[in-house]
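Shown next, in structure tokens, is the structure this report addresses.
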Amino acid sequence: MAAEGRYIDHYFRDYIARVVPGCSGKLLQVILELSQALSHQHSCLDLSDREDKLDIINELNALDPFGQNNSPVTLHGEKLYLRRYFHYEKTIVDNISTRNTIVPILDREKLSEALRSQFQNVDGIDWQQVAALQALTRNLTIITGGPGTGKTTTVAKIITLLTMLSESNLKIRLAAPTGKAAMRLSQSLTSQFEATGGLRVQTLHRLLGVRRDGRGFRFNAENPIAADVLIVDEASMIDLPMMYRLLTALPDQARLILVGDPDQLPSVDTGNVLADLCVPTSGYSKPFTMLTKDLLGISLKVNTPSHPLDDMRCHLRISHRFSAEEGIGKLSRHIAEKNIEIPSIGDGINVEDPETLHGENRNSLLLADFGHYLDELQNPKNNPADLALLFEQTRLLTPMREGDLGVEELNTSIESELESQGLKPRASAFYHGRPILILRNDYNLQLYNGDVGICIAADDINHPMVAFTNPAGETRLLLASRLPPHETCFAMTVHKAQGSEFESVTLILPAQPNQNAEQLLSRELVYTAITRAQKQVRLYANAVIWKQCMENSVPRVSGIDDFFQKPPSPTINQRNLFE
């Protein structure tokens with residue numbers, strides 16, 4: 001890793017040099033690299049590939065002049081942590097290991113009948129049925145799968161089955177990392193199963209009782225969440241600190257079901273917990289395979305050798321929304337296979353050269369999918385909820401906020417076109433139909449980073465209003481002047497779109513390689529973008545940038561899998577270093 005870094009990286013290195021004067025220059029360079037690694041959302045620094053790793057580890061083990069309890073740095077095996085992140089990962093692993101246990105089956109025949117009542121006979125293994133059995137018989141289940149594999153349908157059936165089989169009224173809680181993801185889960189459950197539609201879906205911040213000043217949460221290990229069952233959607237978006245808070249605030253006896261797609265972009269902040277838990281070495285134990293054979297007539301392979309995470313994860317493999325041979329399903333498989341050839345056109349997939357967006361018809365191309373929305377803006381008396389629903393049908397996505405074909409430039413171009421069409425007054429920042437993306441949490445207004453609102457025409461032009469729709473479908477109006485930091489969002493970054501879903505998506509990749517986009521472009525970014533679409537994808541990409549994306553897939557460094565393996569050897573001990 002390069003020696004350059006942020007000011008805080010050098011400050012942290014110099015701080016260690018002051019409190020432990022005996023540090024070598026080589027070790028101080030490692031301290032600098034640790035701080036740099038955290039800025040790239042790694043939870044630790046991996047020393048295993050360094051030629052001088054034994055020298056570094058020996059020096060770290062020798063330097064402990066003030067004791068271990070308050071050390072800011074921790075060495076575990078060949079990974080170096082800030083102590084806080086070591087504590088997060090160790091606690092998560094301990095909690096997951098404790099939760100990965102069996103729930104006693106009181107009536108096997110009743111359980112078998114209930115499962116068969118919710119699932120039709122299919123050829124081969126019905127992985128949705130296997131996932132349901134896991135959720136009904138275990139305290140921890142992770143349900144993963146790509147777009148259209150039936151994750152939400154499976155969740156709905158699990159809720160129905162839990163209700164059917166419980167001898168008491170279970171307190172079932174539903175949550176998602178963002179307001180948009182919570183709203184989508186709520187809408188999906190309501191549309192599929194009336195029995196689950198009445199359940200309220202909250203953001204994780206609301207579930208944990210975030211305080212109005214944003215400093216801390218009401219629910220924690222001493223004051224746990226009231227829940228018998230907690231189901232969390234879009235778990236790939238949960239960062240390391242939030243997963244720690246969630247697990248420690250959940251009662252030990254509560255059942256936890258995490259749902260997500262580990263192939264998507266990891267969380268914006270530190271860690272990639274869902275992907276870390278979906279290790280390829282885990283599978284099914286002999287007792288569970290016997291149970292599936294007995295209750296479902298399904299034969300599963302026994303995982304050999306066994307793994308501490310056995311029986312915890314079920315991966316849904318069949319997409320019911322997309323064909324694997326055409327359209328979005330074919331494109332997502334193309335990406336999963338890291339195919340460096342740019343995709344072909346057809347079946348709802350259109351591929352264009354990004355250079356066309358530098359031509360005279362740029363604005364018309366950008367607004368091509370917003371035609372119906374712009375038509376509705378001609379009527380200033382439109383229902384805000386109807387406008388929001390129409391706007392959510394399509395979105396322009398890009399990797400970057402700034403620079404050529406970034407969010408700021410694209411939104412500026414679109415608003416310029418709206419001015420020429422008379423839909424936006426030149427002197428007005430707030431105009432009827434302007435879509436607004438919230439950029440910072442405001443706990444007093446109950447607005448969160450990623451929430452989208454629509455400006456509406458107001459009788460008082462000096463006090464414009466913005467309409468926000470909550471996960472329950474209720475719309476509230478807020479004065480534009482009260483909003484936290486925000487921006488126009490005809491175009492938005494792929495990261496901000498995670499957890500959302502649209503009928504059509506336009507992904508705009510840069511026309512030329514550039515420094516701003518180099519670290520952002522990745523296979524996970526493209527996969528996340530195109531799987532936001534339900535029906536159609538327009539892709540602006542050339543062969544050079546596409547190849548760069550497919551070849552750039554750098555996993556975040558973590559030690560979570562290490563904790564599930566055998567303890568470090570006695571010569572490389574876990575140490576808390578540098579008080």
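The values are calculated or read from the model by the stated rules, or taken from the named source; none is laboratory data. Everything quoted here is computed from the prediction, not taken from an experiment. Quick reminder, even Gly has a Cβ in these numbers, built from the backbone with ideal geometry, and neighbours come from all protein chains shown. These area figures cover heavy atoms from the full protein model, side chains too; ligands, DNA and RNA do not enter into them. Shrake-Rupley method; radii C 1.70, N 1.55, O 1.52, S 1.80 Å.
Report the residue count in segment 311-339 for those that are in a loop (DSSP other than H, G, I, E, B), of a type outside the set (Phe, Trp, Tyr) and either open to solvent by 20 Å² or more (accessible area, probe 1.4 Å) or farther than 29 Å from Leu525 by Cα (or both).
Residues of segment 311-339 that are in a loop (DSSP other than H, G, I, E, B), as a first pass: 311-312, 317-326, 337-339.
Among the residues that remain, those that are also of a type outside the set (Phe, Trp, Tyr) are: 311-312, 317-321, 323-326, 337-339.
Now restrict to residues that are either open to solvent by 20 Å² or more (accessible area, probe 1.4 Å) or farther than 29 Å from Leu525 by Cα (or both): 311, 317-321, 323-326, 337-339.
Residues in segment 311-339 being in a loop (DSSP other than H, G, I, E, B), of a type outside the set (Phe, Trp, Tyr) and either open to solvent by 20 Å² or more (accessible area, probe 1.4 Å) or farther than 29 Å from Leu525 by Cα (or both): 13 in total.
Taking into account only those residues within segment 511-548 that are under 22 Å from Leu185 (Cα atoms) and surrounded by fewer than 19 Cβ atoms within 10 Å (Cβ to Cβ), which is modelled with the highest pLDDT?
Gln536
Could you count how many residues in segment 228-241 are within 16 Å of Arg99 (Cα to Cα) and open to solvent by less than 10 Å² (accessible area, probe 1.4 Å)?
Number satisfying all stated conditions: 4.
Taking the stated definitions as given, is Ile96 outside any helix (DSSP H, G or I), surrounded by 17 or more Cβ atoms within 10 Å (Cβ to Cβ) and in contact (Cβ under 8 Å) with a residue 60 or more places away in the chain?
The answer is no for Ile96.
In segment 75-127, which residues are under 25 Å from Arg18 (Cα atoms) and in contact with a His (Cβ under 8 Å, 6 or more places away or on another chain)?
Within segment 75-127, Phe86 is the sole residue that qualifies.
Suppose we keep only residues that are under 13 Å from Asp126 (Cβ atoms) and not aliphatic (A, V, I, L, M) within segment 291-302. Which one would you say is least open to solvent (accessible area, probe 1.4 Å)?
Filtering first and then ranking leaves Thr292.
Can you tell me which residues in segment 477-500 are touching a strand residue (DSSP E or B) at 6+ places or on another chain (Cβ under 6 Å) and either open to solvent by 30 Å² or more (accessible area, probe 1.4 Å) or among the hydroxyl-bearing types (Ser, Thr, Tyr) (or both)?
Passing the criteria: Leu477, His486.
Can you tell me how many residues within segment 395-411 are outside any helix (DSSP H, G or I) and more than 20 Å from the chain's Cα centre (by Cα)?
5
Of all the residues that make up segment 242-265, how many are open to solvent by less than 20 Å² (accessible area, probe 1.4 Å), in contact (Cβ under 8 Å) with a residue 40 or more places away in the chain, of a type outside the set (A, V, I, L, M) and more than 22 Å from Lys157 (Cα to Cα)?
Here the count works out to 1.
All but one of (1) modelled with pLDDT of 90 or more; (2) touching a Ser or Thr at 6+ places or on another chain (Cβ under 8 Å) hold for His205; which doesn't?
(2)
Condition first: farther than 23 Å from Pro510 by Cα, over 31 Å from the mean Cα position of the chain (by Cα) and free of Cβ contacts under 8 Å to residues at least 24 places away in the same chain. Can you find one or more residues in segment 364-375 that meet it?
Yes, the conditions are met somewhere in segment 364-375.
Filter segment 210-227 for residues that are at pLDDT below 90 and surrounded by 14 or more Cβ atoms within 10 Å (Cβ to Cβ) and give the result.
Val210
Mind checking whether some residue in segment 354-377 is modelled with pLDDT of 90 or more, assigned to a loop (DSSP other than H, G, I, E, B) and open to solvent by less than 40 Å² (accessible area, probe 1.4 Å)?
yes
Please go through (1) surrounded by fewer than 21 Cβ atoms within 10 Å (Cβ to Cβ); (2) touching a residue at least 40 places away in the same chain (Cβ under 8 Å); (3) within 33 Å of the chain's Cα centre (by Cα) for Tyr81 and return the number of the only condition it doesn't satisfy.
(1)
Report whether or not Thr506 is open to solvent by 10 Å² or more (accessible area, probe 1.4 Å), within 23 Å of Leu331 (Cα to Cα), in contact (Cβ under 8 Å) with a residue 60 or more places away in the chain and of a type in the set (S, T, N, Q).
Here the answer is no, as Thr506 does not meet what is asked.
Have a look at Leu477, Leu520 and point out the one that is out of contact with any Leu (no Cβ under 9 Å at 6 or more places or on another chain), over 30 Å from Arg321 (Cβ atoms), touching a residue at least 24 places away in the same chain (Cβ under 8 Å) and aliphatic (A, V, I, L, M).
Checking each option against the conditions leaves just Leu477.
Looking at (1) under 24 Å from Leu521 (Cα atoms); (2) out of contact with any helix residue (DSSP H, G or I) (no Cβ under 7 Å at 6 or more places or on another chain); (3) β-branched (Val, Ile, Thr), which is the one condition that is false for Ile436?
Among (1) under 24 Å from Leu521 (Cα atoms); (2) out of contact with any helix residue (DSSP H, G or I) (no Cβ under 7 Å at 6 or more places or on another chain); (3) β-branched (Val, Ile, Thr), the lone unmet condition for Ile436 is (1).
Can you list the strands (runs of 3 or more DSSP E) lying wholly within segment 133-209 that have 1 or more residues being within 26 Å of Val452 (Cα to Cα) and open to solvent by 10 Å² or more (accessible area, probe 1.4 Å)? Write out each step before concluding.
Numbers: elements: 140-145, 172-176, 201-203.
The qualifying strands (runs of 3 or more DSSP E) are 172-176, 201-203.
Give the residue that is nearest to Ala480 (Cα to Cα), with candidates limited to residues of segment 421-443 that are more than 33 Å from the chain's Cα centre (by Cα) and touching a residue at least 40 places away in the same chain (Cβ under 8 Å).
Applying the filter and picking the extreme gives Leu423.
Inside segment 272-290, can you point out the residues that are open to solvent by 20 Å² or more (accessible area, probe 1.4 Å) and either in a helix (DSSP H, G or I) or among the acidic types (Asp, Glu) (or both)?
Ala275, Asp276, Lys286, Pro287, Met290
Those residues that are over 16 Å from Asp386 (Cα atoms), more than 21 Å from the chain's Cα centre (by Cα) and either open to solvent by 20 Å² or more (accessible area, probe 1.4 Å) or hydroxyl-bearing (Ser, Thr, Tyr) (or both), I need them from segment 444-464; list them, please. Even if it seems obvious, please write down each step before you answer.
Within segment 444-464, the first condition is being over 16 Å from Asp386 (Cα atoms), and the residues that meet it are 444-451, 458-464.
Still in the running and more than 21 Å from the chain's Cα centre (by Cα): 444-445, 458-464.
Residues satisfying the conditions are Asn444, Ala458, Asp459, Asp460, Ile461, Asn462, His463, Pro464.
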